[in-house]
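The values are calculated or read from the model by the stated rules, or taken from the named source; none is laboratory data. These numbers were taken from a predicted model, which means no experiment stands behind them. All Cβ positions, even for glycine, are placed from backbone atoms using ideal geometry, and neighbour counts span all protein chains on display. Just so you know, the surface numbers come from the protein's heavy atoms only, side chains and all, with ligands and any DNA or RNA stripped out. Shrake-Rupley method; radii C 1.70, N 1.55, O 1.52, S 1.80 Å.
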Amino acid sequence: MRIFLHGVLAMLISWPTVIAKPSAIVPVVTFDFEHDSLGHVPTGWSVGRANQANVDVAVTDTHARAGSKCVQISSVGGETAASTPSRLYAMRRTILALPYRGHLVRIGAWLRFQPHPYLPCAGSARLLVRTKLQDGTMSFTDDMALRPMRDTEWRHCFVVGEVADDADSLTVGIALESVGTVWADQVSIERLGRLKTESEPSTALSSRQVRNLVAFARLFGYVRYFHPNKTVGTIDWESLAISGVGQVILAESAAGLRDSLTVIFRPVTSDLQIFADRPGPAARVESQLPARGASLMKAWRYRGFPGQESSASCNPQIVHGLSSTPNDTMPSFGERINTFLTDSVWCSVPITLPDDPHLLSRATKRGDSVGDARPPNWLPSAYDRNTRLADVILFWNIPQHFSPYLQEADTVWSQALTTALSGASSATNADGLEVILNRMVAKLNDGHGAVTSYYSKPRPRALPLTWIMLDGQLVVTWADPTLAPEVHAGDIVVSIQGTPVDTLVKAAREIRSASTSQYMDVRTANTLTAAAPVDTVVLGLLASSGASRTVRVRRVLDETPNEPRPERICEIAPRVYYCDLTRITDADFEANISALSKANGVIFDIRGYPGQVSVAPLAHLTSTALESERWGTPVVTRPDRKLMRFDTSIWKLEPKAPRFRGHCVF
């Protein structure tokens, strides 16, 4: 059985620090849609042509949060909408960036989301922000990919980011991801203050500091994801991670580390026990909870990983059950995590509690503030050492507890933590952190793994050619006619800007994640398209004749080209048809099914992702029922992937007329 992890593992590097005291007052700009016409796109906002066929965007007088009007964005179509590829359908508005240059801005909006009935766990509402520089390149961008909004009630969402000194425009958007309905109201733009660097400097870590940080990372994951307290969702875990890093890194002994960890987590739970120089986890630890004789208990259960908000069927939940009937989905009554954090410090954390409303965490009962040790008006920055270390810890805990691809006793991921912590502490900027996180993701061998960051340099313009990895070599598959006779399909690229391709391939594969060698080849070839971010790229080529040559190719395209293909569905020879599954829709297939079924042969092109067509065409190619591979969604109730089980599902397809009688090739 193959197991698929639902979702994308990614990490967003935090924004720069600021002093919230603008040099001149700039009023908050608010769009409330009260003066816009019902049934139309709001004045000054636009919807791209590519989006118009998939969504309806209009001002409505229903569901408004304030006043009488708001904007509604709805996906078009019934069941076909459920097969829509994951993409954003947005309305946007662009303004001059001049009043905001050199400042941090907060873009806010009230959003509400209703999922599609066919895909209750798909889709989301998004707030989009994009700044463009005067030379046309992109600067800060954010689309809430890591924090999509799926609440069915109104919720205020915001994005904070920097506007560069040479920014030309600021674009704000409201988007629907994939399918469903989004309502938006009271979109605002607020200038916060000028950027300021106020960061913990980069340093090399001692072996003691690395051990301290590893201990903190492990305990952080246990408490955040498995201590059975509903109020953990109200805690600012990112701030706690940054504050905690700054405290544990100073501990000089096992006892000092124990004391630091106790202080850090005391506001979160009163039932955590940490020991130094004591008998190990085999020793019995009695719970300090008051004896109330409760027959019910509560514990966390996750379906999938907790990286995204989702509907109730997908959310992490506190589950309630009888303490007398433990099973693989419910830990036993009184079960605790008793484990070493370092070679001399260990912890005991409860993962079940009596189902008693009187048992509240200290953070809730006393109103303690968690993770508030930062200076006033300070925001995390990738230029800050403690923020970089916290980013590593925050990300590492997701695969550590929820990835189905890691074995229970996997040591590679533990080693990846120590390596990443050392690298993050020594890094000097966001580029260094991005490389470190990419190398962590690569260790997972997960094709969905990626790192996104608005600090990333924009991709350079594209070369007017395409290439693929084939038998370990980078081979040109198409070249624009203007490059003839210098570049031909079949040429092997042996160097890019003087660097051997073998060297570039090795470097690319260290920062790219894939579950198969074929997909690794795809991601490697794509990475190499940006290997030399200069206007004119020098390529070393080897022809099929064995002759070598050097050519100069200018980057002239805005997007990576696709090699020319026939029309989506067409007759390429008498009674022989071509069908591109990466470009057609179910409607395209149905419109041509008569001709395809009578053809002597059909060539199905699947060079890419078939995102707009369902599996329905397969029903015309078989005489027996088809059944998919089993899809497994991890169900997690214990840390470190222990006793992980899977909710499995399959789809079945019955044969359907007309049956294709000709030869079919994929």
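The simple spin-label model puts a point 7 Å past each Cα toward its Cβ; for S169 and Q415 those points are separated by 5.0 nm. For the pair H448 and L96, label points projected 7 Å from Cα toward Cβ lie 4.5 nm apart. Packing order of peptides 257-265, 221-229, 511-519, highest average first: 221-229, 257-265, 511-519 (average count of other Cβ atoms within 10 Å over each peptide's residues). Packing around the peptides 133-144, 537-548, 163-174, taken as the average count of other Cβ atoms within 10 Å per residue, puts them in this order, highest first: 163-174, 133-144, 537-548.
What the Cα atoms of region 463-509 give is an Rg and a Dmax of 11.0, 32 Å.
Summing Cβ point charges (Lys, Arg +1; Asp, Glu -1) relative to the Cα centre of region 409-534 gives a dipole of roughly 320 debye.
Dipole check for region 506-634: with +1 at the C-beta of Lys and Arg, -1 at the C-beta of Asp and Glu, and the Cα centre as origin, the magnitude is about 620 Debye.
Here the translational diffusion coefficient of region 564-608 follows from Stokes-Einstein with Rh set to the Kirkwood radius across Cα pairs; for 25 °C and 0.890 mPa s it amounts to 233 µm²/s. Annotation for region 413-491 versus region 610-666: alpha-carbon center distance of 31 Å. With a 1.4 Å probe and all protein chains kept in place, how much accessible area does R554 have, in Å² rounded to the nearest 10? Approximately 140 Å² of R554 is accessible to the 1.4 Å probe. In region 132-229, taking the dipole from charged Cβ atoms about the Cα centre, the farthest positive-side position among S207, G136, A167 is held by S207. Counting 0.36 nm for each residue step from A573 to D535 and taking away their Cα separation leaves a gain of 9.6 nm.
Computed log10 I(q)/I(0) for region 33-176 at 0.12, 0.19 Å⁻¹: -0.53, -1.22, from the Debye equation with unit scatterers placed on every C-alpha and solvent omitted. The C-alpha radius of gyration of region 465-544, expressed as a fraction of 2.2 N^0.38 Å, stands at 1.06. Subtracting the Cα-Cα distance of D343 and V28 from their residue separation scaled by 0.36 nm leaves 108.0 nm.
Of the residues E510, E559, ranked by 1.4 Å probe accessible area with the largest first, the sequence reads E559, E510. Extension gain for the segment S548 to L470, taken as residue separation times 0.36 nm less the Cα-Cα distance, is 26.2 nm to one decimal. For region 407-508, the Cα gyration tensor yields ellipsoid semi-axes of 34, 17, 12 Å (square root of five times each eigenvalue, largest first, whole Å). Using a Förster radius of 25 Å, what is the FRET efficiency between A507 and E563 based on their Cβ-Cβ separation? Nearest 0.05, please. The calculated FRET efficiency here is 0.45.
Value of Rg to Rh for region 161-218, rounded to two decimals, is 1.21; Kirkwood radius and Rg both from alpha-carbon coordinates. Ranked from largest to smallest solvent-accessible area, with a 1.4 Å probe on the protein heavy atoms, H448, H401, H663 come out as H663, H448, H401. Here F305 sits with roughly 30 square angstrom of accessible surface, probe radius 1.4 Å.
A protection proxy built from the mean count of other Cβ atoms within 10 Å ranks the segments 39-48, 465-474, most packed first, as 465-474, 39-48. Taken over region 452-594, the convex hull of the Cα atoms encloses 172 Å³ per residue.
If you build the convex hull over the alpha carbons only and average its shadow over all orientations, what do you get for region 177-276? Give it in nm² to one decimal.
That works out to 11.0 nm², a quarter of the Cα hull's surface.
Applying the criteria of a DSSP loop state and at most 13 other Cβ atoms within 10 Å to the chymotrypsin sites (Phe, Trp or Tyr not before Pro) of region 388-439 yields no site. Neighbours of H488 by Cβ distance under 14 Å: Lys/Arg scored +1, Asp/Glu scored -1, total -3. Considering all different alpha carbon pairs of region 551-665, the Kirkwood hydrodynamic radius works out to 17.3 Å.
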